[in-house]
1. Got a sec? Which of LEU46, LEU25 is at pLDDT below 95 and of a type outside the set (Lys, Arg)?
2. Which of the residues belonging to the range 99-111 are of a type outside the set (D, E, K, R) and closer than 18 Å to MET87 by Cβ?
3. What is the residue count in the range 114-128 for residues that are touching a residue at least 24 places away in the same chain (Cβ under 8 Å) and either within 15 Å of the chain's Cα centre (by Cα) or not in a helix (DSSP H, G or I) (or both)?
4. If you take just the helices (runs of 4 or more DSSP H) that sit entirely in the range 1-82, which of them hold at least 1 residues that are surrounded by 12 or more Cβ atoms within 10 Å (Cβ to Cβ) and touching an Asp or Glu at 6+ places or on another chain (Cβ under 8 Å)?
5. Which pairs have Cβ atoms under 6 Å, sit 6 or more apart or on different chains, and link a residue in the range 68-83 that is more than 16 Å from LEU49 (Cα to Cα) to one that is in a helix (DSSP H, G or I) and not hydrophobic (A, V, I, L, M, F, W, C)?
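The values are calculated or read from the model by the stated rules, or taken from the named source; none is laboratory data. Please read these numbers as outputs of a predicted model, since none were measured by experiment. When we count neighbours, we look across all protein chains shown, and the Cβ atoms used for this are built from the backbone with ideal geometry, even at glycine.
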Amino acid sequence: MSISERLNSLQPQALAVLRIMTGLLYLEHGTMKLLAFPAAQMPGPLPPLLLVAGILELVGGALFAIGFLTRPVAFILCGQMAVAYFMAHFPKAFFPAMNGGDAAVLYCFIFLFFIFSGAGAWAVDKKK
């Protein structure tokens, strides 16, 4: 078996690792907003829009990490990141490296990818 064939055979597991790590990192943004863990994202009560964002990040990140309803969750989170980018980052500057929106763009396109790819291995979606 060639290296390419071997790597291709591990694609579902690699996809799952990307999904799990993306979900856990995304969930962390929600815990920062809602639980001030590992640190508070901002002092004081959250504005309503950031409260909704925190709930989506916490719940959506957890669902995405375990691979439950992966495609619909990815669709919602992809949209959330597109909105976040154009509301919070794009007005500052055109280029993501200049406006601090790199992470929002990456999350948006990772979630877009999972809308089409599905969860990969080790997902609740795969259980029968």
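1. Numbers: LEU25 fails: at pLDDT below 95.
Of the residues listed, the single one that is at pLDDT below 95 and of a type outside the set (Lys, Arg) is LEU46.
2. Going residue by residue through the range 99-111, those that are of a type outside the set (D, E, K, R) are 99-101, 103-111.
Selection gives ASN99, GLY100, GLY101, ALA103, ALA104, VAL105, LEU106, TYR107, CYS108, PHE109, PHE111.
3. At the first step, the residues of the range 114-128 found to be touching a residue at least 24 places away in the same chain (Cβ under 8 Å) are 114-115, 117-126.
Those left that are additionally either within 15 Å of the chain's Cα centre (by Cα) or not in a helix (DSSP H, G or I) (or both): 114-115, 117-123.
Here the count works out to 9.
4. Working: elements: 3-9, 11-35, 48-55, 61-66.
Fully inside the range 1-82 and qualifying: 11-35, 61-66.
5. As it stands, the answer is THR70/ASP125; VAL73/GLY60, since those pairs meet every condition given.
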